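Worksheet: the structure to be examined is printed underneath.
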Amino acid sequence: MYLDSLLVCRNLKDDEIIRNFESLNIEIVAKIIEKAEFLGLSGNLRREYLIHVLTQEPNLVSTTIEKSGGNIGESLKTAFVHDIKLLMSILKNEIDNYHIIKDYKPTKIMATESKINLNKQLENTNSADDVADVFISHYRRYGYGDIANYRAFRWNGKLIGIKHFEDIHLDDLIGYEHQKEILIGNTEAFVKSKPANNVLLVGARGTGKSSSVKALANEYYNRGLRLVQLTKPQLKNLPEIMEALRQYASKNFVIFLDDLSFEESDAEYKYLKSAIEGGVESRPENVLIYATSNRRHLIRETWRDRVDGQDELYRDDGVNETISLSDRFGLIVYYYAPSQAEYLEIIRHMLKKQSIELDDEQLRIEGLRWEMTHSGRNGRTAQQFVTNYLGQHK
């Protein structure tokens, strides 16, 4: 009967398991256990499943907060508190359960960071008003559904969460302190809703350009930053993608274009130019573009482009077209190949994370020998050395 009195969480009525919470039978208990194994829920399953639905399925409060950039009207909040009062007996474990689902231990617990933080905050609440505030804070900080669960996404007509996103942080990137300072400053301004620039990371291969962007997604996840990786052919869909991201007004998105480069004949770079600056529709305030490239102007240039006798009548027009795309990035961050000392320090750091320490001479000899037989001195070569060393010695 309590479900019929809900005002804003009406979606709970559509869930078969929740509909039968008050009159559990073996069939429903079996379905709860099945959900627990699939979702990795532990503890009091009636409570945990309710929290799962409240945080994963859209309701009027979570969708309003998302679309309004974190705001919620006073009357809507009052209606939400009304619903929470009806659910308090479940949220506070006041209803007797079947013994097996009272303190369930799944084969594998799969709690996300956002869910762990939510449970910690709920432990310190006593009233329906406090519980409502915790959920509202959760929606503001993380969102709901996949937006709350994932740090990074790909696009396939909609946002698809990347489950196995690389767990890399800025502290893992040795050197490039100035570059990291620039990226942090710009991203910090972005998540604070201050003016921020699109960023182009340019430099030698394997120097950590892509890793830097991925690390930002991990560092700022708790503050509402999400990464959306696109491929070059998807650039023609940028208006559609940006419109979709505009709907998540309480979150900030970095569109990540990795290892980007164009031939002069490619049409995709014109889509990118228009999306960054120059199209009829403005770029959403909650979207920036971070791109990495080995080419400083993104478009391939030849010596022929600099010769006065080329076919084009107005040479400067061709030059301007070539650099017009990179000019649309307000920040250009350059990554140079590391020195020998920096290269060896990268190896030392990576090995130390695996609880391995080599003396200076052994590190120098083996690290430099590896560099000489591979693609030069950079972070990628260092990682390949560490992978080989772990495979041979650990």
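The values are calculated or read from the model by the stated rules, or taken from the named source; none is laboratory data. Owing to the predicted nature of the structure, the values given are computational and were not obtained by experimental measurement. A quick note on method: Cβ atoms are made from the backbone with ideal geometry, for glycine too, and the neighbour counts reach across all protein chains shown. For the accessible areas, the whole protein counts, side chains as well, though only heavy atoms, and no ligand, DNA or RNA atoms are used. Shrake-Rupley method; radii C 1.70, N 1.55, O 1.52, S 1.80 Å.
For the range 215-231, 3J(HN,Hα) computed residue by residue from phi via the Karplus equation (6.51, -1.76, 1.60; θ = phi - 60°) reads 5, 4, 4, 6, 5, 10, 4, 5, 10, x, 8, 10, 9, 10, 8, 10, 9 Hz, glycine and proline entered as x.
With a/c under 1.5 counting as rounded, go ahead and sort the chain into rounded, prolate or oblate using the C-alpha gyration tensor (a ≥ b ≥ c being the square roots of the eigenvalues; past the cut-off, prolate if a/b is larger than b/c, else oblate). Oblate, because a/c is 1.5 or more while a/b does not exceed b/c. Given R0 = 41 Å, the distance between the Cβ atoms of K108 and D327 translates into a calculated FRET efficiency of 0.25.
Here's how it looks for L7: its modeled amide H is under 5 Å from those of D83, which are all 5 or more places away or on a different chain.
Given the rule -39500 (n - 2.57) for each run of at least 4 DSSP H residues, summed and divided by the residues of the chain, what is its mean residue ellipticity at 222 nm, to the nearest 500 deg cm²/dmol? Don't skip to the end; give the middle numbers.
Details: 17 runs with 186 residues, N = 394.
My calculation for the chain gives -14500 deg cm²/dmol from helical runs alone.
Residues whose amide H lies under 5 Å from that of L201, counting only those 5 or more places away or on a different chain, are A291, T292, S293, V333; hydrogens are built 1.01 Å from N in the peptide plane.
Could you give the accessible area per residue of the chain, probe 1.4 Å, as a whole number in Å²?
Working: 20590 Å² over 394 residues.
Using a 1.4 Å probe on heavy atoms only, each residue of the chain averages 52 Å².
Shown in residue order for the range 50-66 are the 3J(HN,Hα) couplings computed by the Karplus curve 6.51 cos²θ - 1.76 cosθ + 1.60 at θ = phi - 60°: 4, 4, 4, 5, 5, 9, 9, 8, x, 10, 4, 6, 5, 6, 5, 4, 5 Hz (x for Gly and Pro). For I255, nonlocal amide neighbours, meaning residues 5 or more places apart or on other chains whose placed amide H falls under 5 Å from its own, are V228, L288, I289, Y290.
Give K209/K352; K105/K251; K31/K115 a once-over and call out the pairs whose C-alpha atoms are over 27 Å from each other. Result: K105/K251 exceed 27 Å. Sorting E177, E371 by solvent-accessible area of protein heavy atoms yields E177, E371, largest first, with a 1.4 Å probe. Of K270, K92, the order by accessible heavy-atom surface (1.4 Å probe, DNA, RNA and ligands excluded), from most exposed downward, is K270, K92.
With 0.36 nm allotted per residue and the present C-alpha distance subtracted, the K353-R10 stretch has 118.6 nm of extension available.
For N156 and L390 in one chain, what is 0.36 nm times their gap in residues minus the Cα-Cα distance, to one decimal in nm?
80.6 nm
The heavy atoms of H169 offer some 70 square angstrom of accessible surface to a 1.4 angstrom probe.
Report the extension gain between K85 and D259 in nm, rounded to one decimal, defined as 0.36 nm multiplied by the number of residues separating them, less their alpha carbon distance. Could you put the intermediate results ahead of the total?
Working: separation 174, 0.36 × 174 = 62.64 nm, distance 5.18 nm.
In short, 57.5 nm is gained.
Solvent exposure of T107, expressed as accessible area, is near 130 Å², computed with a probe of 1.4 Å over the protein chains only. Could you look at the chain and say what percent of its accessible area is carbon and sulfur, using a 1.4 Å probe and all protein chains? In the chain, the share of accessible area belonging to carbon and sulfur is 48 percent. Using the Karplus relation 6.51 cos²θ - 1.76 cosθ + 1.60 with θ = phi - 60°, the per-residue 3J(HN,Hα) values for the range 334-351 come to 9, 10, 10, 4, x, 6, 4, 5, 5, 4, 5, 5, 4, 4, 4, 4, 5, 5 Hz, with x marking Gly and Pro. Note on D172 and T78: their simple-model spin labels are 5.0 nm apart, each label 7 Å out from Cα toward Cβ.
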